[in-house]
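Colleague: Right, I'll just put the structure down here and ask away after.
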Amino acid sequence: MINYLITGGAGFIGSTLANHLSKENKVIVLDDLSMGKKENLVVNLNLEFIEGSVTDKDLMTEVLSNNKFDYIFHLAAIASVADSVERPVETHQINFESVLMMLELIRKYQKDLKRLVFSSSAAVYGDEPTLPKHEDSVIRPLTPYAVDKFAAEQYVLDYNHLYGINTSAVRFFNVYGPNQNPESPYSGVISILVDRYKKIQKGEDTHFTLFGDGSQSRDFVFIEDVIQALLLVASKDEALGRQFNVGTGNAITLNELIEVIDETLNINLSVKHESERDGDIKDSVADISRLKKLGYKPNFSVQEGMKKYLASEELF
Ligand code: UD2
């Protein structure tokens, strides 16, 4: 059996990956349950859950010295840009310090590791307006979150160049799908939208707050395509020491997105406009040619992904 460690493995992306991999492999999930939920994980004899933080040095030392992993996916993070602006020191511990600590533990204890895949973000490109974003595009991290993701990503890749540790990184664009937690105001916009449509279907009086005029656009990528990307990046030699955009290559505006869901569900969502969020990026779309060279083919347009997501939530 192949051994996997997934940090942040009870979160949205991590739990989907853990549930997929634990069908045939041994998976250890480590999560502090700050955003993730144990219920996201399908109970399975191959899956072991450890509650704890990636910042806990004793725990991380124990986990990495007592197991022999083939693959590690480091998905634990505070994924909120706004939170990093509020609490730069705390988020830095989690989004950066824990990564460096883990790299050192891997150097010491995980000599046979086939791959560490680190989750970076499209946030590293910042507001430089050239589109689409290629991995070699200008980097302009504007928030503690983006600075930490970029620095951690560079360390991860440097550990490949300097010490021969097998590492790769992915830069997620806007990932959506089942089990994304809608409870924080900084949750992914699609999870918030789905939550509102659910409430409307239940007969509750609710609305969606749209920050700005709705003409901002995003490259929304469905979770199943993200899993495809993670598995490719982890398994291909050509991915060693490199970072990869994970998106679809297409963008849609929020207004168009709401129209798509309205039509699918035959609901007219009530939208209230507020001024745009500080630091909000106007448009974002990935150039995915580097990932495509590994064999990646996104299977879900946002229309198709939304249909599958809404169906899984029994909305239609
Ligand atoms: C995404 C990532 C973030 C970072 C960033 C990089 C998520 C959840 N966040 O932030 O971690 O990587 O990309 O650029 O994927 N909006 C509303 N109403 C709401 C919530 C959001 O109008 O209730 C707007 C928001 O102002 C923005 C758009 O929807 O214009 C997308 O927001 P988001 O938080 O889903 O994602 P984003 O692109 O800000």
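Colleague: Taking VAL170, is it near the ligand (Cβ under 9 Å from one of its atoms), in the same structural domain as ALA82 (by TED's automatic domain parsing) and either open to solvent by 50 Å² or more (accessible area, probe 1.4 Å) or touching a residue at least 12 places away in the same chain (Cβ under 8 Å) (or both)?
Modeller: Values: near the ligand (Cβ under 9 Å from one of its atoms): no; in the same structural domain as ALA82 (by TED's automatic domain parsing): yes; either open to solvent by 50 Å² or more (accessible area, probe 1.4 Å) or touching a residue at least 12 places away in the same chain (Cβ under 8 Å) (or both): yes.
Criteria not met by VAL170.
Colleague: Which one is nearest to the ligand (Cβ to nearest atom) among residues in the stretch 191-212 that are closer than 14 Å to LEU257 by Cβ and part of a helix (DSSP H, G or I)?
Modeller: ILE192
Colleague: Let me ask you something else. Can you tell me which residue among ASP148, ASP58, ASP70, ASP127 is of a type in the set (Asp, Glu), within 15 Å of the ligand (Cβ to nearest atom) and modelled with pLDDT of 95 or more? Before the answer, list the steps.
Modeller: On the way: ASP58 fails: within 15 Å of the ligand (Cβ to nearest atom); ASP70 fails: within 15 Å of the ligand (Cβ to nearest atom); ASP127 fails: modelled with pLDDT of 95 or more.
Answer to the selection: ASP148.
Colleague: Going by what's in this entry, would LEU230 be described as part of a helix (DSSP H, G or I) and surrounded by 17 or more Cβ atoms within 10 Å (Cβ to Cβ)? Don't jump to the end; show me each part of the working.
Modeller: Numbers: part of a helix (DSSP H, G or I): yes; surrounded by 17 or more Cβ atoms within 10 Å (Cβ to Cβ): yes.
It is true that LEU230 is part of a helix (DSSP H, G or I) and surrounded by 17 or more Cβ atoms within 10 Å (Cβ to Cβ).
Colleague: Residue pairs, Cβ under 6 Å, 6 or more apart or interchain, first in the stretch 203-223 and more than 26 Å from ASN299 (Cα to Cα), second basic (Lys, Arg) and part of a loop (DSSP other than H, G, I, E, B). List them.
Modeller: PHE211/ARG277
Colleague: Another question, then. Considering only helices (runs of 4 or more DSSP H) fully contained in the stretch 81-121, which possess at least 2 residues that are more than 16 Å from LYS149 (Cβ to Cβ) and outside the structural domain of PHE69 (by TED's automatic domain parsing)? Break it down stepwise before answering.
Modeller: Details: elements: 81-86, 88-92, 98-109.
Per the criteria, no element qualifies.
Colleague: Now for a different question. Under 8 Å between Cβ atoms, at least 6 apart or on separate chains: pull out the pairs that start in the stretch 40-61 with a residue that is under 23 Å from THR16 (Cα atoms) and of a type in the set (S, T, N, Q) and end on any residue that is modelled with pLDDT under 95 and assigned to a loop (DSSP other than H, G, I, E, B).
Modeller: Partner pairs satisfying both residue conditions: ASN40/ASN179; ASN46/MET1.
Colleague: Name the single residue that is nearest to the ligand (Cβ to nearest atom) among those in the stretch 180-190 being of a type in the set (Gly, Ala, Ser) and surrounded by fewer than 20 Cβ atoms within 10 Å (Cβ to Cβ). Steps first, answer last, please.
Modeller: Residues of the stretch 180-190 that are of a type in the set (Gly, Ala, Ser), as a first pass: 184, 187-188.
Those still in the list that are surrounded by fewer than 20 Cβ atoms within 10 Å (Cβ to Cβ) too: 184, 187.
Working: SER184: 9, SER187: 6 Å.
Here the answer is SER187.
Colleague: OK, next. Output the helices (runs of 4 or more DSSP H) that fall wholly within the stretch 237-316 and possess 2 or more residues being open to solvent by 20 Å² or more (accessible area, probe 1.4 Å) and among the basic types (Lys, Arg), or say none.
Modeller: Working: elements: 254-265, 289-292, 302-312.
Where helices (runs of 4 or more DSSP H) fall fully within the stretch 237-316 and carry at least 2 residues being open to solvent by 20 Å² or more (accessible area, probe 1.4 Å) and among the basic types (Lys, Arg), they are 289-292, 302-312.
The values are calculated or read from the model by the stated rules, or taken from the named source; none is laboratory data. Keep in mind that what you see is a predicted model, and the values were worked out from it rather than measured. All Cβ positions, even for glycine, are placed from backbone atoms using ideal geometry, and neighbour counts span all protein chains on display. When the accessible area is computed, the model is the full protein with side chains, heavy atoms only, and any ligands, DNA or RNA have been set aside. Shrake-Rupley method; radii C 1.70, N 1.55, O 1.52, S 1.80 Å.
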